[in-house]
Structure formats: C-alpha cells, structure tokens
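The values are calculated or read from the model by the stated rules, or taken from the named source; none is laboratory data. Values in this document were obtained by computation on a predicted structure and should not be read as measured data. As a convention, Cβ positions derive from the backbone with ideal geometry for all residues, glycine included, and neighbour counts pool all protein chains shown.
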Ligand code: NAP
C-alpha cells in the first residue's frame, strides 16, 4: 500500500495473521505514533529502548512513523486530526504503538483515542499492573499487586449515546421514556441530560473470552473476576455478569469453573489446573484491590468500571509515569501508555518514558517475543533501582538523582546491554 505522508521503511516485513493467529517475522515493520504533548519526549525514548531489546534478542524492528493529533495537523492540514492513512497503516500492519493524544475539552471534539479504538475495533483495553522494585508506592505491600485489567472498549459509556439538556432530541427521548415506556415519575421536571448505555451479549462475551484465554495461558493467573454494578443496573451491568458466567460455563469445559462450584464442590479450594471465574460488585472491588490485593489476578469489566478500577490499581504501584497498557482486537494490538499528553511538560525532556516503554513490552509479548519483554522489564527495574530516575520518582525517594527522559532511556538501553 502506498501512502501520502507515511514513509514505508525500505526493509522489513509486515506482521500478518491467519485464522486469528499472528505470524511475526524477525524484522517486523511496526507503526509508531509519538503523540501530542509529552508524546514528543516519550515516543522517541521508548522507540530506542524497544529497538535495543529487539536487537539484544536477535531481531530488528523497522519503525514506520504515523501521525495523528498535532503531528497530523502539521502534515495533512489544520482540520485533519486522524488521517485515514494512519488508521489504514495500523490496520494493515496489525501491531503498533502510540503515545498520548490530546483531547481538547469542549463540545464537538471526539477523543482521537476513542476514535482509533473504535475504528479498528480494538475491543479490549488491557493493563497489566505489577510492582517494580524501587518504585515509591503508597501501599505497605505494593509487591502484592499483580493484576491484569480487561476493560471493554467499544460500548457502555464509550458508545457515547447522550442528549444535551435543552435540546429537542432530549425532549423527544424524555417523552418516549415517560409516555411510551411508562417511566412517568422517574425524571425530575426541568432541564435534564439523558444518556443511554448499551452492554451487549456480543461485546461482553468477546471481552470475557479474552480475559479467560489470557488467564489460561499464564501460569500465575488463576482467578478471573467479573466486575459489575449489577445490583443497581440489572439489565446492563447485571447482564455483563450473567453473560460472562455463560461464557465460562458453556465454552471452556473443565478448564474453567465458577465460584459456586468452587464452594459447593471443593470447599473453596481451587484445582491447580483450572481457572476460576467469580464476580464482584464494583464498589466492593475498589476496596478489595487494597484490602485483599493478592486474591485477584485478572479483572474483566465494562468500560466505566474498567476506567476507574484500572487507574486505582495503577496508583498502588507508582502511578502514571510507569503504567502501561494496550488495546486488542482480532489479531491486532495497539499498545499505549495509560497517561495522557501532560501538555505542561511537553518538549521539556522531563517526564518518565517507562509507561510507554513497558507498553512496548506488552506489544512484544503479544508478538511472541517473551525474552525481549522480560529484558525490558528487568532493565527498567534495574534503572529505577539505580536511583537515576525521572522527576516523578526522584521526588518520592531518598537519595535519588533526577535525569531527563532521554538520558533515562539511554541508561535503560545500557541496562539492556548489561543484562542481555
Ligand atoms: P495526563 O496527561 O496523564 O497528566 C496528568 C499528570 O500525570 C501530569 O501532570 C503528571 O503529574 C502525571 N504524568 C503524566 N504522564 C507522566 C509521565 N510520562 N511521567 C510522569 N508523570 C506523568 O492527564 P491530563 O492532564 O488529565 O490530560 C492531558 C491530555 O491528555 C488531555 O487532553 C487528555 O484528554 C489526554 N489523555 C490522553 C490519553 C491517551 O492518549 N490515551 C489518556 C489520558 C489523557 P504531576 O504533574 O503531578 O507530576
């Protein structure tokens, strides 16, 4: 495929897929989007660390710059925020990594992140939350945190069905709800905004399958917890729980059991080789991640619960500077750090690139490069332990030395070379 502004590397091979399985060459072309704001700092920093980890494990990444947000407006024109060719390039190459994109506050701006995830049907937002030794944490035992959150990415509040107070549309919806559906004493008189959230069987089941499949693949992940607010929203959040259990019961045979069976038949003792699916109400879950941290492994959630809970998990192990993430679809992955574009620090060579570097780790592991992923993790951890860290960590530890984004990445590369 030829592009207007995207330069395809001369060398390198495309990642392809057959029957939902990736075929990854040792010289893949990987699209990279640096992003807005501090994306210009963390993007190139992460790129060099990831290149070094690939090289240290006998591979070579051929990066292909793609554009969105400010970088797209500069290249394609003032009103182009998400060029079609950026979406096409990511779709065509199957795996990609991006930095943060700014969403201007105000009416009429759709989040570019949401647009990308929806256009590419990246239905699972996945965030592994694990502790790196040396990172300051508010918890007494931060090392107990080792959870992976699977957040549904295409429906619930992300479906964006809302009507503004004072509009003709909202009055039509009010009339329909009151007169046709009989909820005539439910909505207060006067101006009202109304939102509708869809949670479907299709959307729920494919997300829960991803979470269960992931737990089955990992040696140390036995519990998959469905997190919902089904006590209040019975036909959306409650349905998420019910469909989630249905997947577990109907599609996995003996490999997966539910919490009922665990208590009825096994007195709470899980079999060593089975994944256990249970469920928790979202508000309780927010407590449990702090009070019973080591009892949870994989959390599967509708969009809004996933938003709150994945950030709360991240806070327990050192916050946004190191929190990685990725979005998955059918044989596709778009990795991205959890943090935003922190515009006040843009271009200052100040912020922590670890979140984007560790997002690259997720991407590499998805590509089957576990050795490179482990190397990245160990190198970032060793660098943090050295005490030469970016401002966010330095300000919270005794005797640390502050380094910039670029120097931090260079030193992580040196750690990779030492560890390889
Ligand atoms: P933010 O950019 O994540 O920044 C909030 C704060 O988090 C920063 O002020 C900084 O805290 C800390 N932080 C963020 N990135 C860091 C890093 N790499 N290293 C160390 N600390 C870091 O959140 P925001 O200010 O609410 O959002 C800014 C823009 O980003 C908005 O337009 C938002 O829509 C967008 N956004 C994009 C994405 C995405 O692209 N996926 C995600 C979230 C937000 P201190 O100043 O306290 O040190």
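For the list (1) within 16 Å of the ligand (Cβ to nearest atom); (2) more than 25 Å from residue 34 (Cβ to Cβ); (3) not assigned by TED's automatic domain parsing to the domain that holds residue 280, I need the number of the one condition that residue 96 fails.
(2)
What's the number of the only condition in (1) in a helix (DSSP H, G or I); (2) on the phi > 0 side of the Ramachandran plot that residue 268 fails to meet?
In the conditions (1) in a helix (DSSP H, G or I); (2) on the phi > 0 side of the Ramachandran plot, residue 268 misses (1) alone.
If you check every pair at least six apart or on different chains, which have Cβ atoms under 7 Å apart with a residue in the stretch 331-343 that is over 27 Å from residue 206 (Cα atoms) first and a residue that is assigned to a loop (DSSP other than H, G, I, E, B) and more than 7 Å from the ligand (Cβ to nearest atom) second?
Listed pairs, sorted by first residue: 341/36.
Only residues that are within 10 Å of the ligand (Cβ to nearest atom) and either in a loop (DSSP other than H, G, I, E, B) or at positive phi (or both): list them for the stretch 333-382, please.
Across the stretch 333-382, the qualifying residues are 336, 337, 338, 339, 340, 341, 342, 346, 350, 351, 352, 353.
When you go through (1) surrounded by fewer than 23 Cβ atoms within 10 Å (Cβ to Cβ); (2) more than 16 Å from the ligand (Cβ to nearest atom); (3) farther than 14 Å from residue 145 by Cβ one by one for residue 303, which number turns out not to apply?
Exception for residue 303: condition (2).
Which strands (runs of 3 or more DSSP E) does the stretch 143-246 wholly contain that include 3 or more residues that are under 20 Å from residue 282 (Cβ atoms) and in contact (Cβ under 8 Å) with a residue 24 or more places away in the chain? Please lay out each step first, then the result.
On the way: elements: 146-152, 161-163, 194-196, 223-228.
The strands (runs of 3 or more DSSP E) meeting that bar are 146-152, 223-228.
Condition first: within 13 Å of the ligand (Cβ to nearest atom), crowded, with 19+ Cβ neighbours inside 10 Å and in the same structural domain as residue 351 (by TED's automatic domain parsing). Can you find one or more residues in the stretch 20-33 that meet it? Please lay out each step first, then the result.
Restricting attention to the stretch 20-33, the residues satisfying the condition of being within 13 Å of the ligand (Cβ to nearest atom) are 33.
Next cut, crowded, with 19+ Cβ neighbours inside 10 Å only: 33.
The next check asks that each one be in the same structural domain as residue 351 (by TED's automatic domain parsing); those that pass are 33.
Taking every residue of the stretch 20-33 in turn, at least one turns out to be within 13 Å of the ligand (Cβ to nearest atom), crowded, with 19+ Cβ neighbours inside 10 Å and in the same structural domain as residue 351 (by TED's automatic domain parsing).
Does residue 121 satisfy the criteria of being away from the ligand (no atom under 16 Å from the Cβ) and closer than 20 Å to residue 323 by Cα?
Details: away from the ligand (no atom under 16 Å from the Cβ): yes; closer than 20 Å to residue 323 by Cα: no.
It is false that residue 121 is away from the ligand (no atom under 16 Å from the Cβ) and closer than 20 Å to residue 323 by Cα.
Taking the stretch 124-142, which residues are within 16 Å of the ligand (Cβ to nearest atom), in a loop (DSSP other than H, G, I, E, B) and at negative phi?
The answer is 132, 135, 136, 137, 138.
Quick check on my filter: what residues within the stretch 72-87 are within 27 Å of residue 16 (Cβ to Cβ) and crowded, with 16+ Cβ neighbours inside 10 Å?
Looking only at the stretch 72-87, we keep the residues that are within 27 Å of residue 16 (Cβ to Cβ), and these are 72, 82-87.
Listed by number, the residues that qualify are 72, 82, 83, 85, 86, 87.
Just wondering, is there one or more residues in the stretch 389-399 that are away from the ligand (no atom under 11 Å from the Cβ), at pLDDT 95 or above and surrounded by 17 or more Cβ atoms within 10 Å (Cβ to Cβ)? Break it down stepwise before answering.
Taking the stretch 389-399 first, the residues away from the ligand (no atom under 11 Å from the Cβ) are 397-399.
Those still in the list that are at pLDDT 95 or above too: none.
There is no residue in the stretch 389-399 that is away from the ligand (no atom under 11 Å from the Cβ), at pLDDT 95 or above and surrounded by 17 or more Cβ atoms within 10 Å (Cβ to Cβ).
One residue is enough: does the stretch 73-80 have a residue meeting the conditions more than 23 Å from residue 328 (Cα to Cα), out of contact with any helix residue (DSSP H, G or I) (no Cβ under 6 Å at 6 or more places or on another chain) and within 16 Å of the ligand (Cβ to nearest atom)? Break it down into steps so the answer makes sense when it comes.
Within the stretch 73-80, the first condition is being more than 23 Å from residue 328 (Cα to Cα), and the residues that meet it are 73-80.
Pick out the ones that are also out of contact with any helix residue (DSSP H, G or I) (no Cβ under 6 Å at 6 or more places or on another chain) and you get 73-79.
Retained after the next criterion (residues that are within 16 Å of the ligand (Cβ to nearest atom)): 73.
Yes, some residue in the stretch 73-80 is more than 23 Å from residue 328 (Cα to Cα), out of contact with any helix residue (DSSP H, G or I) (no Cβ under 6 Å at 6 or more places or on another chain) and within 16 Å of the ligand (Cβ to nearest atom).
Tally the residues that are at positive phi and buried (at least 23 other Cβ atoms within 10 Å of the Cβ), restricting the search to the stretch 309-332. So that I can check it myself, show each step before the final result.
In the first step, residues of the stretch 309-332 are kept if they are at positive phi; the result is 318-319, 331.
Add one more test, that the residue is buried (at least 23 other Cβ atoms within 10 Å of the Cβ), and what stays is 318.
Matching residues across the stretch 309-332 total 1.
Those residues that are within 10 Å of the ligand (Cβ to nearest atom) and out of contact with any strand residue (DSSP E or B) (no Cβ under 6 Å at 6 or more places or on another chain), I need them from the stretch 323-332; list them, please.
First, pick out the residues of the stretch 323-332 that are within 10 Å of the ligand (Cβ to nearest atom): 323, 325, 327.
If the condition is that a residue be within 10 Å of the ligand (Cβ to nearest atom) and out of contact with any strand residue (DSSP E or B) (no Cβ under 6 Å at 6 or more places or on another chain), then 323 is the only one that fits.
Quick one: which of 87, 114, 42 is in a helix (DSSP H, G or I), closer than 17 Å to residue 353 by Cβ and touching a helix residue (DSSP H, G or I) at 6+ places or on another chain (Cβ under 9 Å)?
Details: 87 fails: closer than 17 Å to residue 353 by Cβ; 114 fails: closer than 17 Å to residue 353 by Cβ.
Answer to the check: 42.
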